[in-house]
Every structure is written in C-alpha cells, then in structure tokens.
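Okay, so here's the structure we're looking at.
The values are calculated or read from the model by the stated rules, or taken from the named source; none is laboratory data. Treat the numbers as computed from the prediction; the structure is a model and nothing was measured. Because the Cβ atoms are built from the backbone with ideal geometry, glycine has one as well, and the counts that use them run over all protein chains shown.
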Amino acid sequence: MKKIRTLIVDDEPIAQQILETYLLKSPDFEMIAKCGNALEAFNMINKEPIDLMLLDINMPEISGMHFLKSLKNPPLVIFTTAYSEFAAESYDHNAIDYLLKPISFERFTKALDKVIKNLQVPVTDQKMDPNSDDTLFFKSEGKLVRIDLAQLWLAEGLKDYVVLRINDSKIIVHTTMKNLQDLLVNHSRFIRVHKSYIINIQYVSELDRNTIKIKNQEIPIGSTYREDVEKILRGLRVGN
C-alpha cells in the first residue's frame, strides 16, 4: 500500500511537533505539511492530494469543526483536541477517531490502524465490465473475502461500516458508502438510491416514486438521488 499522505492542522507548535514525531514512527504514513490554521490547510488541500488530516478543533478564526464542514470532498479526519465536548458531533462528520490531548503514542497508533483498515478495504486488479459477472475482494474481519457482484443485491451503510447482502447472507466490511460507490461506478447494474443504500437493479421487484422493493425489503429513495434513479430506471424494459 502506498504511504498515506497526512496533513497536520494545529495552531500549537508543540502539538504539531508531537504529532510529527508520532507520524515519523509510523511507516505507512507520510507527513505532507503542518498548518497552523484552517486557511493554510485549505490552501494545502487544494495544492496537494491529502488522504488524512490530523485536525485540531479550537483554532483561531475558524474552528476545525467549521473548517471540515466547509470542505466538499474532505480527506479522512482524526480530531486531535483538548476538548471532549465535541466528540459526539465529530462522528456526524464521519471522523475516523477523536483523540484527547495529551495523546499517547499507543492511542495514536490505534487511530492510525483504523485509517489503514478504512483505506485498504477494496482489493482488485480486475477490469470492470458492466456486463460480466465480476468479482471483487473486500477485507472483512481480518480476511479477504471474494464477492461475486452478480449475487450482491444490496449494500447498506452503517457509520464506518457497510453491510453487503449476498443471497441470504451478509458480510460486514469496514469502509464508507462513498468508497463502495466509487468502486462500483463502472458497473451499470448498481445504483445509489439513498445515502445509506446501493442496490443491484437486477433484483428490483417493485418501485414507485418514493420506494424500491428489492427481494422482500423496501428501500426508501432519497430526494438527492431521485432524479438519477428515475433516469436509470426509465431505461429498463417495461411491458404494456
């Protein structure tokens, strides 16, 4: 795996130094830059590809939380802060972890392990042909599991995990719906119908404007995805 490009965003030089020292001891990670405020971090993200931000919350002018909210496509985030009261809110923004200062190296490495698991889930060298019965490998419970995409009928997002429904069984993988959607982008049979659901249209049995029935499960259609869903489903063959 390539090194995980990491940006430190903290207005305290001592905190920056500690995080940099920890990263230097972590061979899978590469520190790209240290930023003292949100504006510096914003400029750096627009110049360099960043996989991970180590982000302080209490910073001058713009807090780390408000900065994260302003990003359209943020990298993975670990919050590093002296304030415990924002922990619950941090997970609304899909933070990988929330570290309270002073941060021990042991606790820091546990957070980095979560990042590695998040980024390593999909493994495939295969060409994606939307008309073929492709297979993909996913990391689940420390093992690589081969999935036949023709048998995958539903993916359901649960915070940092995705539940893959294959026939009558399910596999839980540590990834995000965005990662899975990117992986399936060239497979025309898969469409995202809701922030929490991706479906295989080959298994759709009923649909109306607000819901889709797939196998025996009724799935809501999110307002954000309705136009795309209707466009794709209009292409299906419908008898008179």
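Before moving on, here are some points about what is shown:
- Within the stretch 58-85, the set of residues being more than 15 Å from Phe108 (Cα to Cα) and either touching a residue at least 60 places away in the same chain (Cβ under 8 Å) or over 21 Å from the mean Cα position of the chain (by Cα) (or both) comprises Asn58, Met59, Pro60, Glu61, Ile62, Ser63, Pro75, Tyr83, Ser84, Glu85.
- Among the residues listed as Thr175, Thr224, the single one being modelled with pLDDT of 85 or more and either in contact with a Lys or Arg (Cβ under 9 Å, 6 or more places away or on another chain) or among the polar types (S, T, N, Q) (or both): Thr224
Let's see how each residue does on (1) surrounded by fewer than 20 Cβ atoms within 10 Å (Cβ to Cβ); (2) farther than 19 Å from Ala95 by Cα; (3) of a type in the set (Val, Ile, Thr):
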{"site": "Ile147", "(1), (2), (3)": "yes, yes, yes"}
{"site": "Gln151", "(1), (2), (3)": "yes, yes, no"}
{"site": "Ile166", "(1), (2), (3)": "yes, yes, yes"}
{"site": "Ile171", "(1), (2), (3)": "yes, yes, yes"}
{"site": "Arg192", "(1), (2), (3)": "no, yes, no"}
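- Restricting Arg209, Arg146 to those that are basic (Lys, Arg) and under 19 Å from Tyr225 (Cβ atoms) reduces the list to Arg209.
- Residue within the stretch 38-50 that is of a type in the set (Phe, Trp, Tyr), in a loop (DSSP other than H, G, I, E, B), over 19 Å from the mean Cα position of the chain (by Cα) and surrounded by 13 or more Cβ atoms within 10 Å (Cβ to Cβ) present: no
- Flag if Val229 is in contact with a Phe, Trp or Tyr (Cβ under 7 Å, 6 or more places away or on another chain), without any contact (Cβ under 8 Å) to a residue 40 or more places away in the chain and farther than 17 Å from Thr135 by Cα: no
- With respect to the conditions (1) more than 15 Å from the chain's Cα centre (by Cα); (2) assigned by TED's automatic domain parsing to the domain that holds Gly64; (3) modelled with pLDDT of 75 or more, Glu89 lacks only one, and its number is (3).
- Qualifying residue in the stretch 8-30 (condition: over 16 Å from Leu99 (Cβ atoms), among the acidic types (Asp, Glu) and within 18 Å of the chain's Cα centre (by Cα)): no
- Among the residues making up the stretch 142-183, a single one is at positive phi and basic (Lys, Arg): Lys159.
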